[in-house]
1. State log₁₀ I(q)/I(0) for the stretch 132-265 at q = 0.14, 0.17, 0.22 Å⁻¹ as given by the Debye formula over alpha-carbon point scatterers of equal weight, solvent excluded.
2. Work out how much length residue 229 to residue 24 would gain on full extension: take 0.36 nm times their residue separation and subtract the Cα-Cα distance, in nm to one decimal.
3. Tell me, in nm to one decimal, what length is gained between residue 15 and residue 140 on full extension, where the rule is 0.36 nm per residue of separation less the Cα-Cα distance?
4. Starting from 0.36 nm per residue, how many nanometres of slack lie between residue 239 and residue 198 once their C-alpha separation is accounted for?
5. Using label points projected 7 Å from each Cα along Cα→Cβ, tell me how many nm separate residue 162 and residue 181, to one decimal.
6. To the nearest 0.05, what FRET efficiency results for residue 170 and residue 260 with a Förster distance of 45 Å applied to their C-beta separation?
7. If you rank 266, 210 by fewest surrounding Cβ atoms within 10 Å, what's the result?
8. Explain nothing, just compute: Karplus ³J(HN,Hα) = 6.51 cos²θ - 1.76 cosθ + 1.60, θ = phi - 60°, for every residue of the stretch 184-192 in order, whole Hz, x for Gly and Pro.
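Nothing in this text is a laboratory measurement; each read-out follows from the coordinates by a stated rule. Here the structure is a predicted model, which means the values were calculated and not measured. When we count neighbours, we look across all protein chains shown, and the Cβ atoms used for this are built from the backbone with ideal geometry, even at glycine.
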Amino acid sequence: MKSRDCDIVKDLMPSYVDGICSDAAKEYVEEHAKECDGCRQMLEAYKANVLSGEKLEQRGMDGLKKIRTNMKYQNLVCYLVLVFLVYCGVEVFFANHAGYAIFDNTTLLLVVCIAANLLASFGYKAKNRPGKIQYLLGAASLVTDLYFIAVFFYAASGIASYAERLFGRELMWVGPFLERQLIMAFIAQLIFFGCNLWAIIRQEKSCGWLLNLNMTGIFLLINYDQWLKYMDSRETLLHAICKITFEPLAAGVLGIVASLILTRALQKKEA
């Protein structure tokens, strides 16, 4: 009879330890364990194993939380570096207006910015996709880029062909006209950049590729501003405008594609 009771209690032990058995079964196991030394020792061993497993699981969860915390700090540092680099671009822009040049070409600075953005994305999976606001800001940034590409190619072609008037103005007024537009567009691109960076850090949205789009626009405007201040002879205008346009565009397109591929790879890894 005792052997039969032991067999029943052994069958009930896993449910008892997990706390999923009925009250009657729980009482039956406890009463039997008081009388049977072998079943009592086995029950204690069950409990010890469950507790050690919970401790290991908790320790693993704590380690995972620590890793995620460290990655968040790493991402924050990368984004701070990114903000600093964009600030350097702002300094270049206003240095042009002060009458001196810091860099002859800002494409290298753009490449470093894109690299910092990609580095911040490693090991980080955004919880949310970009929202309508982020897509609208991206579209506005892209339209701004296309507008100024068309405007400056038209201006360079007109100046190279000895046109007397551009945009309905005499040539002497074209510079100030374009300069005012550049300043407004530059401020708008910085606002777009700030909004997307906020969406990444605070709202955990996957807007890394939109940041690369914004930065491409920022440095493209800086290049156009430099071209406006330090344009060469008429014979080299078109070559110069092509160079300062396609260099940042190439870097930006590669950065956007790399960012999208990285985001997709991280999503598949987490799935």
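1. So the normalised log intensities are -0.66, -0.88, -1.27.
2. Working: separation 205, 0.36 × 205 = 73.80 nm, distance 8.95 nm.
My answer for the length gained is 64.9 nm.
3. Full extension from residue 15 to residue 140 adds 38.9 nm.
4. Numbers: separation 41, 0.36 × 41 = 14.76 nm, distance 3.78 nm.
Full extension of this stretch gives 11.0 nm more.
5. 2.6
6. Values: r = 45 Å, r/R0 = 1.01.
Result of the calculation: an efficiency of 0.50.
7. Working: 266 17, 210 26.
Exposure proxy ranking, most exposed first: 266, 210.
8. 5, 5, 5, 5, 4, 5, 5, 5, 4
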